[in-house]
Amino acid sequence: YSTSAYLGVECVYTSSNATKFYFDDFYAGGGSADVTPPTIISATAVSATQVDVLFSETVDPTTAETESNYAIAPAIGVPSSAIRDGSNLSLVHLTVASAFASATTYTVTINNIDDAAGNTIVANSTTTFTYSADVTPPALSSATAVTATQLDVLFSEAVDITSSQVLANYSVDNAIGN
């Protein structure tokens, strides 16, 4: 049969399963359509030139990666790139040409972003974020002698790869040398 006016649920009664029948949320009808547009969950500065925007649901890659759908104020404008995250399809990475000023609150205005069902975000949706520059230098957490000629150094945070490989930036006590 392709249609019916009846719905049934079969339960197999056994002495050990006599009181374990529970039912919830039956639905019989047409499929439900997504009619809810995406909303902004947050914007987070991840560096001096990048802010991540998180939406409430998966966003369409074409509209999410259109730079002109975003504007950052004050003084930043349209980002130089907008890239939807490869694993979290609700996350968009915005990169800007001019660095954010530390301790400044910025407003991101977003338009024309669609979700997977084609619903468009409410026009001129906004959220704010504050960029705070990292002004704390890395600290030496530990140094471990691996061999007589090799020392492994661990810092309190990620360090610049170029400066971390310059031998003149290190010294060892007890007249061992640089």
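The values are calculated or read from the model by the stated rules, or taken from the named source; none is laboratory data. Everything quoted here is computed from the prediction, not taken from an experiment. Here Cβ is always computed from backbone atoms with ideal geometry, including for glycine, and neighbour counts include all displayed protein chains. These accessible areas exclude ligands, DNA and RNA; they are computed on the full protein's heavy atoms, side chains included. Shrake-Rupley method; radii C 1.70, N 1.55, O 1.52, S 1.80 Å.
From the list T62, T3, T49, the one residue that fits, being among the polar types (S, T, N, Q) and open to solvent by less than 70 Å² (accessible area, probe 1.4 Å), is T49. Looking at the structure I just gave you, is T105 open to solvent by less than 70 Å² (accessible area, probe 1.4 Å), closer than 30 Å to V59 by Cα and within 21 Å of the chain's Cα centre (by Cα)? No, not satisfied. Being at pLDDT below 95 and of a type in the set (A, V, I, L, M) is the requirement here; does A33 meet it? So A33 passes the test. Strands (runs of 3 or more DSSP E) fully within segment 15-87 that include at least 2 residues being of a type in the set (S, T, Y) and within 30 Å of A133 (Cα to Cα): 40-47. Screening the candidates N111, N119 for the property of being surrounded by 13 or more Cβ atoms within 10 Å (Cβ to Cβ) and farther than 17 Å from I76 by Cβ yields one hit, N119.
Identify all residues within segment 125-178 that are open to solvent by 100 Å² or more (accessible area, probe 1.4 Å), farther than 30 Å from A45 by Cβ and touching a Leu at 6+ places or on another chain (Cβ under 9 Å); write none if there are none. Across segment 125-178, the qualifying residue is only N178.
Scanning for something within 30 Å of I113 (Cα to Cα) and either open to solvent by 100 Å² or more (accessible area, probe 1.4 Å) or not aromatic (F, W, Y) (or both), does segment 18-31 turn up at least one residue? Yes, some residue in segment 18-31 is within 30 Å of I113 (Cα to Cα) and either open to solvent by 100 Å² or more (accessible area, probe 1.4 Å) or not aromatic (F, W, Y) (or both). One residue stands out in segment 88-102 among those that are assigned to a loop (DSSP other than H, G, I, E, B) and under 13 Å from V59 (Cα atoms): the one that is least open to solvent (accessible area, probe 1.4 Å), namely S90. If the condition is being of a type outside the set (A, V, I, L, M) and surrounded by fewer than 11 Cβ atoms within 10 Å (Cβ to Cβ), then segment 32-46 contributes only S32.
Strands (runs of 3 or more DSSP E) fully within segment 107-178 that include at least 1 residues being without any contact (Cβ under 8 Å) to a residue 60 or more places away in the chain: 140-145, 151-155.
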